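The values are calculated or read from the model by the stated rules, or taken from the named source; none is laboratory data. If you're wondering where the values come from, they're calculated on a predicted model, not measured in any experiment. Because the Cβ atoms are built from the backbone with ideal geometry, glycine has one as well, and the counts that use them run over all protein chains shown.
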Amino acid sequence: MDSYWSTYVQESKELYSSRALRFHNGNKELWLKALQIKDGMKVLEVGCGGGIFCHKIKEYLPKTDITGLDFDTGHIEYAKVKSAELNLNCNFVNGDATDLPFEDDIFDICFSHTVINFCEPKPFIKEQYRVLKPNGKIIILCIINSSNKPEWWIPTDDCEEKALFDRLWAEAQKNELSDIKKYENNELWYFEYLQEQGFKDISADVFAVLSYSPSFSDVSDEMAIDQINEGRLSELCSAQKAFRLAPNCMSSDEFNSMLEMINKRYDNMIDKYKNGDKSWDYRASTILAISGMK
Ligand SMILES: C[S@@+](CC[C@H](N)C(=O)[O-])C[C@H]1O[C@@H](n2cnc3c(N)ncnc32)[C@H](O)[C@@H]1O
């Protein structure tokens, strides 16, 4: 166990706030249908990050006995603090998805959201089979399409911010810690692995969620501003992660002025929004939900 993910890939608060937009209350029915959870079930979320899905499920279905597990110590600490803040009784455990620290046959549902592609898939599936009760279900959620390019947040104008940005990222990428450990993986293989492991009634469903659409009429002012600010948090955290990877590529003053420029860009976006200047920008994710019964 370590804090690699929350230090160099996604900070806990960043992951939590981006997922809060994906799992907002307007999408509640979509998620609950995909997760197949009924109130009172014993549920495991594998690779729970900062714990937003566990918190939302506990809020919607209060009799659920829910446990979130993650390899990252920073995420688990964050999830515990957040549970206390929200006064939600969820269990959070540090552990490896490919060697689960649980007895056999104890969960009704095991689910994961964007985790299997970072793990060895066969042991990932095998371990969930082991800890599921007979007739328990595995739900594997994968993003199969996202409307935004990964670089959507990079400044494009030729300006001082872009020059600093380019310098910081060019250096950060030279640090081997910037490479997330990935396994050879493909969602089409998962059906075969589930069958090999003994899962029955294997099926797939697809749904899409909008996580960013501040100019659209069904989005309240509060939510629109939350959406814009989520982009701000993500950029600030990304810059901080890059600076941890390449601390010598610029002075602290330069780095702080870069953070100010990011903040200013987002302040301007909020001013434009408040003045009724529509951007019509949106981000949507298509999610594949693969399920099987033990
Ligand atoms: C893309 S994040 C998704 C987090 C969360 N499911 C969400 O959607 O907000 C991937 C997560 O998987 C966790 N992870 C990666 N490999 C793992 C493993 N072998 N065991 C447990 N967690 C793992 C990472 O620490 C990270 O929190």
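Does Asp205 satisfy the criteria of being of a type in the set (D, E, K, R) and on the phi < 0 side of the Ramachandran plot?
So Asp205 fits the description; yes.
Identify, please: which residue in region 116-130 is more than 16 Å from Ser291 (Cβ to Cβ) and part of a helix (DSSP H, G or I) and is, among those, farthest from the ligand (Cβ to nearest atom)?
Filtering region 116-130 for residues that are more than 16 Å from Ser291 (Cβ to Cβ) and part of a helix (DSSP H, G or I), the one farthest from the ligand (Cβ to nearest atom) comes out as Arg130.
Are there any pairs, at least 6 apart or on different chains, whose C-beta atoms fall under 8 Å, with the first in region 86-115 and closer than 11 Å to Glu45 by Cα and within 6 Å of the ligand (Cβ to nearest atom) and the second among the polar types (S, T, N, Q) and at pLDDT 95 or above, and if so, which?
Here the result reads Ala97/Ser112, each pair linking region 86-115 to a residue that is among the polar types (S, T, N, Q) and at pLDDT 95 or above.
For region 18-28, indicate whether the set of residues that are more than 11 Å from the ligand (Cβ to nearest atom), at pLDDT 90 or above and either more than 20 Å from Glu85 (Cβ to Cβ) or within 17 Å of the chain's Cα centre (by Cα) (or both) is non-empty.
Looking for residues that are more than 11 Å from the ligand (Cβ to nearest atom), at pLDDT 90 or above and either more than 20 Å from Glu85 (Cβ to Cβ) or within 17 Å of the chain's Cα centre (by Cα) (or both), one finds at least one in region 18-28, hence yes.
Which residue, of Gly74, Gly68, is more than 13 Å from Cys54 (Cβ to Cβ), within 18 Å of the chain's Cα centre (by Cα) and outside any loop (DSSP other than H, G, I, E, B)?
Sole residue among the options that is more than 13 Å from Cys54 (Cβ to Cβ), within 18 Å of the chain's Cα centre (by Cα) and outside any loop (DSSP other than H, G, I, E, B): Gly74.
Each row is one residue, and each column tells you yes or no for (1) within 21 Å of Gln36 (Cα to Cα); (2) out of contact with any strand residue (DSSP E or B) (no Cβ under 9 Å at 6 or more places or on another chain).
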residue: Lys63; (1), (2): yes, yes
residue: Gly68; (1), (2): yes, no
residue: Ile76; (1), (2): no, no
residue: Lys80; (1), (2): no, no
residue: Gly95; (1), (2): no, no
residue: Thr98; (1), (2): no, yes
residue: Pro101; (1), (2): no, no
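When you go through Glu59, Glu11, Glu29 one by one, which is the residue that is among the charged types (D, E, K, R) and free of Cβ contacts under 8 Å to residues at least 24 places away in the same chain?
Result of the check over Glu59, Glu11, Glu29: Glu29.
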